[in-house]
Amino acid sequence: MKRPSRSWREWLERSRPKLADRSGASAIEFAILAAPFLLAIFVLFQTVMIYAVQMSLSFESQRMARQIRTGKVTGSAMSADDFRTAICDKLLRLVTCGDIAIDLKTYSNFAELPRSLPVVSGSLDRSSFRFDTPPAGAIVMLRVFYELPILGLARESFGNLSNGRHLVAATTVFKTEPF
């Protein structure tokens, strides 16, 4: 068997003074760079979470709007809680089902449709929300809202409600088919 080469031992002998150096420059450099780096990672995580919940909520509201448009919801006598459960079953696990708010209304023409979010004094106003299953040929607006909790210091940057949460909304307007 061969012995380890002398170059390894020589390298070890040359690096001992460097290993014995305890000036702390590396630790200080790490401390200076670690905080902004970890903050950037946290902000990136929070941004990805907001977009993932937004995309998931939009996709599921579109899927359920198809069910309404074709008359499957009207014919099944689905309640608001059943509708919420149908949406929630397919959403990301980041979403708490009890915090989903649904507003399903029928309008006589497109000019009556609301143009703004139902936010009053920095909080979601659920007082006017209804769940009206539409008849055939009706103009319908389906709005699904979720108040996404924001973690830590990002509440001031990402929170758009007074409670520090971020309001995620998905809106779909359509005319039901003659079913």
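The values are calculated or read from the model by the stated rules, or taken from the named source; none is laboratory data. As the structure is a computational prediction, the values presented were derived from the model and not from experiment. Positions of Cβ are generated from backbone atoms using ideal geometry, with glycine treated the same way; all protein chains shown enter the neighbour counts.
Would you point out the residue of the range 58-108, among those that are in a helix (DSSP H, G or I) and among the aromatic types (F, W, Y), that is modelled with the highest pLDDT? Across the range 58-108, the extreme among qualifying residues is F59. When the range 59-99 is limited to residues that are of a type in the set (S, T, N, Q) and closer than 15 Å to R143 by Cβ, the one that is surrounded by the most Cβ atoms within 10 Å (Cβ to Cβ) turns out to be S61. Keeping to the range 107-124, report how many residues are surrounded by 14 or more Cβ atoms within 10 Å (Cβ to Cβ) and either aliphatic (A, V, I, L, M) or touching a Phe, Trp or Tyr at 6+ places or on another chain (Cβ under 6 Å) (or both). Number satisfying all stated conditions: 3. With the condition kept exactly as written, say whether any residue in the range 135-144 is within 23 Å of the chain's Cα centre (by Cα), in a loop (DSSP other than H, G, I, E, B) and closer than 30 Å to Q46 by Cβ. No, there is no match, as no residue in the range 135-144 is within 23 Å of the chain's Cα centre (by Cα), in a loop (DSSP other than H, G, I, E, B) and closer than 30 Å to Q46 by Cβ. Filtering the range 150-162 to residues that are closer than 28 Å to P36 by Cβ, touching a Gly at 6+ places or on another chain (Cβ under 8 Å), touching a residue at least 40 places away in the same chain (Cβ under 8 Å) and surrounded by fewer than 19 Cβ atoms within 10 Å (Cβ to Cβ) leaves only L161.
T133 fulfils the conditions (1) surrounded by 18 or more Cβ atoms within 10 Å (Cβ to Cβ); (2) without any contact (Cβ under 8 Å) to a residue 60 or more places away in the chain; (3) out of contact with any strand residue (DSSP E or B) (no Cβ under 6 Å at 6 or more places or on another chain) except for a single criterion, (2).
Within the range 45-58, the only residue that satisfies the criterion of being closer than 29 Å to G137 by Cα and free of Cβ contacts under 8 Å to residues at least 24 places away in the same chain is M55.
To keep it simple, each residue is scored yes or no on (1) more than 21 Å from L153 (Cβ to Cβ); (2) of a type outside the set (D, E, K, R); (3) at pLDDT 75 or above.
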{"position": "R3", "(1), (2), (3)": "yes, no, no"}
{"position": "S7", "(1), (2), (3)": "yes, yes, yes"}
{"position": "E13", "(1), (2), (3)": "yes, no, yes"}
{"position": "K18", "(1), (2), (3)": "yes, no, no"}
{"position": "L33", "(1), (2), (3)": "no, yes, yes"}
{"position": "I41", "(1), (2), (3)": "no, yes, yes"}
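Evaluation of N160 against the conditions (1) modelled with pLDDT of 90 or more; (2) part of a loop (DSSP other than H, G, I, E, B); (3) polar (S, T, N, Q) shows that the sole unmet condition is (1).
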